[in-house]
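Report on one structure; see the data block that follows.
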Amino acid sequence: MKELRGRFAVVTGAASGIGQALAARFAAEGMKVMLADIEEAALSQAAAELTAAGAFAEIPSLRMPRSPASSRPGRPVSPRSSRCWA
């Protein structure tokens, strides 16, 4: 396995489940991790746990506005593609 110490990982879904486990493993291997998740409170807790263990864990500000298409479940995002659903 390649040396991971000092490398950088961006982990989505890092507040729970597999994403949280991956972030913890990467941090344990000496990687710097940037965490992202839609559950802000759980994400803050996950980051606090990693930093308390001595890891470099950061949460970027990733606020994305919802598009009008994403607020209508079951409708195509693009009229040209019926395979891409919001």
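The values are calculated or read from the model by the stated rules, or taken from the named source; none is laboratory data. Everything quoted here is computed from the prediction, not taken from an experiment. Using ideal geometry, Cβ is built from the backbone for each residue, glycine included, and neighbour counts are taken over all protein chains shown.
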Residue within the stretch 8-25 that is of a type in the set (D, E, K, R) and crowded, with 16+ Cβ neighbours inside 10 Å present: no
Residue tally, condition of a type in the set (A, V, I, L, M, F, W, C), part of a loop (DSSP other than H, G, I, E, B) and modelled with pLDDT of 90 or more, over the stretch 21-74: 1
Residues of the stretch 22-44 satisfying the condition of being touching a Gly at 6+ places or on another chain (Cβ under 8 Å) and under 11 Å from residue 4 (Cβ atoms): 30, 31, 32
Cβ pairs under 6 Å, 6+ apart, first in the stretch 39-53 and over 13 Å from residue 26 (Cα atoms), second of a type outside the set (D, E, K, R) and in a helix (DSSP H, G or I): 46/20
